Each structure stands twice: as C-alpha cells, then as structure tokens.
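Student: Below is one structure. I have some questions about it.
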Amino acid sequence: MRAQFVLSETWIGLRRNLTMTIAVITTVAISLALFGGGLLVNQQVSEMRSYWDQRITLTIYMCNEISPAQTCQDNGPATDADREALRADLDDMPQVEGYTYLTAAEAWQDFQERIGSSNEALAEAAQEGDIPDNFRVQLTDPSHYDTVRNAVTGSPGVDSVSSDQSVLDKFYDLLDGLKWAALVVALVQLAAAALLIGNTIRLSAYSRRRETGIMRLVGASNFYIQLPFLLEGAVSGLIGGLIASGFIVATRYTLLTQIEAWFQFDVGLGTGSLLYVIGVSIILGVLLCTVTSFLTLRRYLKI
C-alpha cells in the first residue's frame, strides 16, 4: 500500500508539472549527451595515442648534394663511413628498438606510395634524388625522442631529424580542445539542469503542501514524505539519460567513425567502451537529479 501510494504521488507530480518536467528532461539529455561525447572523444584519443605510440618512427635524413643544412654544404654528402658510424651509435642506444635504412631510390619510392594517392601533384613534382637516404628508427618508448634526436643531431653526414609525433600532436591538441570544450559546455548545462530540477521540485512540493501537511500530522517520517519528490527527480534523470544514450551512440557511429576513416586504420572504440560511457551518463543523470531534489527539499521546504 505504501509503495503504491509513493508511486502514485510520483506520477501525479510528474504529470502536474509536465512542462517543467519536459524542460528538465531535455536539459539533462543535452548535458549528458555533451558529457558522454566528451568521454567518447577522450577514449578515442587515448586509443589513437596508444596505437601510434607503437608505430611512431624517428627519421634521420643523411646529407646529399642538395641538402640545405650548413654542415652538409660544408662537408658534402654523407659517406659510407658516416653511415656506418651512425649505425654503430644507434646499435649502442638502449632507447632504440630497431631501425631500417632506406637508400635514396627506396626513399623516393616510399614517398610516391605514401603521397601519390592523396596528392598526385606533389608526388609528380618530386624527382628521384630529392629525398635523401635515411634511417627509420623505432623507439622503445616515444618519450625517448628528444634523447635520440640530440644524440644524432650534428653527427657527421646527418642533415636533419624528424618524427611522426610532431604531426600527430597537432591533431591530438585539436581533439583535446574539442573534448574540453564539450565537457565545459556540458558542465554549464548540468548546472542549468540542477537549477531547473530544484525549481520543479519546489513547485511540485508547494502544489501538494496540503497532502504533505496531513502526512506529517499522521506521523509519516520526513524521508517518506520526501520520497515521491526524490523519485520524480530520479525518473527525470533516467529518461534524460536514456535520450542522451541515443545521441552518444549517434556520435560514436558518425563523428568518431569519420575520424577513423580520415586516418584509414582500425582503432575504433569497442562495444564495451560505448556501454561504459552510456552507463556513466545514465548514472550521472539519475544521481544529479536525485541529489539536487534531496538538497532542495532539505533547504527550502518545511515539511
């Protein structure tokens, strides 16, 4: 009987303040969708970093006839002795996992294969000999990049040193900016949702002040009187979280899928990661609405 009464009071409260309830659900859904989207982007960036950290190479370009570096112009193209000395240095470095040497012809062919499909004009403009022979170095850890670069920079026959990470970091910075922007907007929306929830619960309690007064006179506990209002908030948060889940799924299979297509590799988030974000968003929505309702009743209502 008590459970039926609590549920009926909860339904009455939701129906009586229908406009405010819809506003709360909408605000919570938008906030959680932005929050969940930020979490998805964060997990995607982490997956991409892990993927590329294992594949980032440090490229050491050797001097040739057209190298612009002053050391190359002073000393001329790299000699076989320079290459052997560099091999010995790389073999002695514990930060180096392995390396591959590409001749000028192999480096030009590799450039054609990498760039030809995306920029034909640039691939056609490059001629064999424009790209010097080089060493592709795999590091035991990407954090060792500066150590290895400083060790080989200035070595006889070395023109320059470059890393794939410098390019990827710019893209990661962009994604991190989008992630934090989404989370900041989500926090603002969640604050607005909390205010709406508080106002809705206050209006609902005021409209039923006679019923709550009677319940108090017959000996009902404060928690029992407050329970229908808490359930109103929890139901609003649950519905908002379920709606937000749809937006989160749409984000996963539109925005993040497009990002994966740009890079042409399979580092997509699995179902487990998607369910984790949805679960966190729904729980956050229910807790936000329930806790806000509880604090509002304790602070503003005298029942």
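Student: For region 69-80: of the residues being farther than 16 Å from residue 103 by Cβ and in contact (Cβ under 8 Å) with a residue 60 or more places away in the chain, which is farthest from the chain's Cα centre (by Cα)?
Tutor: 75
Student: Of everything in region 95-110, what is of a type in the set (Gly, Ala, Ser) and not in a strand (DSSP E or B)? Give them in sequence order.
Tutor: 104, 105, 107
Student: For residues in region 135-155 being over 14 Å from residue 52 (Cβ atoms) and without any contact (Cβ under 8 Å) to a residue 12 or more places away in the chain, which is farthest from the chain's Cα centre (by Cα)?
Tutor: Taking region 135-155 and keeping what is over 14 Å from residue 52 (Cβ atoms), we get 135-137, 140, 144, 146-155.
Next cut, without any contact (Cβ under 8 Å) to a residue 12 or more places away in the chain only: 146, 150, 153.
Working: 146: 26, 150: 32, 153: 35 Å.
Step by step, filter region 135-155, then rank; the result is 153.
Student: Continuing with this model, one more query. Consider residue 109 carefully, then state whether it is polar (S, T, N, Q), more than 13 Å from residue 56 (Cβ to Cβ) and modelled with pLDDT under 85.
Tutor: Yes: the conditions hold for residue 109.
Conditions (1) assigned to a helix (DSSP H, G or I); (2) at pLDDT 80 or above, marked per residue:
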residue	(1), (2)
268	no, no
277	yes, yes
281	yes, yes
288	yes, yes
299	yes, no
303	no, no
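The rows are residues; the columns are (1) under 33 Å from the mean Cα position of the chain (by Cα); (2) at pLDDT 70 or above.
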{"residue": "187", "(1), (2)": "yes, yes"}
{"residue": "194", "(1), (2)": "yes, yes"}
{"residue": "207", "(1), (2)": "no, no"}
{"residue": "218", "(1), (2)": "no, no"}
{"residue": "239", "(1), (2)": "yes, yes"}
{"residue": "253", "(1), (2)": "yes, yes"}
{"residue": "264", "(1), (2)": "yes, no"}
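Student: Can you name the residue in region 129-182 that is surrounded by 15 or more Cβ atoms within 10 Å (Cβ to Cβ) and among the small types (Gly, Ala, Ser) and, of all such residues, is nearest to residue 110 (Cα to Cα)?
Tutor: Result: 163.
Student: List the number of the failed condition for residue 58; all other conditions in (1) part of a helix (DSSP H, G or I); (2) over 14 Å from residue 169 (Cα atoms) hold.
Tutor: The single condition residue 58 does not satisfy is (1).
The values are calculated or read from the model by the stated rules, or taken from the named source; none is laboratory data. Only a predicted model underlies this, so the values are computations on that prediction, with no experimental measurement involved. Because the Cβ atoms are built from the backbone with ideal geometry, glycine has one as well, and the counts that use them run over all protein chains shown.
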